[in-house]
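Notes follow once the structure below has been shown.
The values are calculated or read from the model by the stated rules, or taken from the named source; none is laboratory data. Here the structure is a predicted model, which means the values were calculated and not measured. No Cβ is skipped: glycine too gets one built from the backbone with ideal geometry, and neighbour counts run over all protein chains shown. Calculation scope for accessible area: heavy atoms of the full protein, side chains included, ligands and nucleic acids excluded. Shrake-Rupley method; radii C 1.70, N 1.55, O 1.52, S 1.80 Å.
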Amino acid sequence: MASGDSSQAVVNTLLNCIGSFFAGANLQRMEDLFADTVKLCEERKQLNYKFQAQQVQRSLSKLIGTGKEPKHSSEGRDVLASNSSVLRSYHYQTAYVSFIFRSYDDTIENIEKYFALQETTWGI
């Protein structure tokens, strides 16, 4: 992208990927799309969106069965610690994967953390 709003480009790409993920697209294809999205976020220095894309990437790898964990930079860990909206999406993804694998105690724990952040976040 030579010109334009890079933040909006990252948001649109991420929303497309997340929508495809929840719509049931091929998981291996989604893994490649999320890798490209994370790369775009790194290039455009969009750490919040990068970390959120990595959370879904983690869910994808668990669903596929590879168990690959995304490598979080120190900035990514700082974003998780300081941004309650990103932390809330982390708990949502963790609860989602726990529910899929029928780990209901983990699901309940993460849903409680998710709703505890409801008053202080802008995310869903």
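Working ranking of peptides 20-26, 89-95 by packing, defined as the average number of other Cβ atoms within 10 Å per residue, highest first, is 89-95, 20-26. Taking only protein heavy atoms and a 1.4 Å probe, the accessible area of region 16-65 is 45% carbon and sulfur. Multiplying each eigenvalue of the alpha-carbon gyration tensor of the chain by 5 and taking the square root yields semi-axes of 23, 19, 13 Å, largest first, rounded to whole angstroms. Note that region 6-54 presents 53 Å² accessible area per residue, ligands and nucleic acids not counted, probe 1.4 Å. For the set LYS45/LYS68; LYS39/LYS113; LYS50/LYS71, the pairs lying more than 19 angstrom apart at their alpha carbons are LYS45/LYS68; LYS39/LYS113.
The calculated FRET efficiency for LEU63 paired with ASP5, based on their beta-carbon distance and R0 = 35 Å, is about 0.60.
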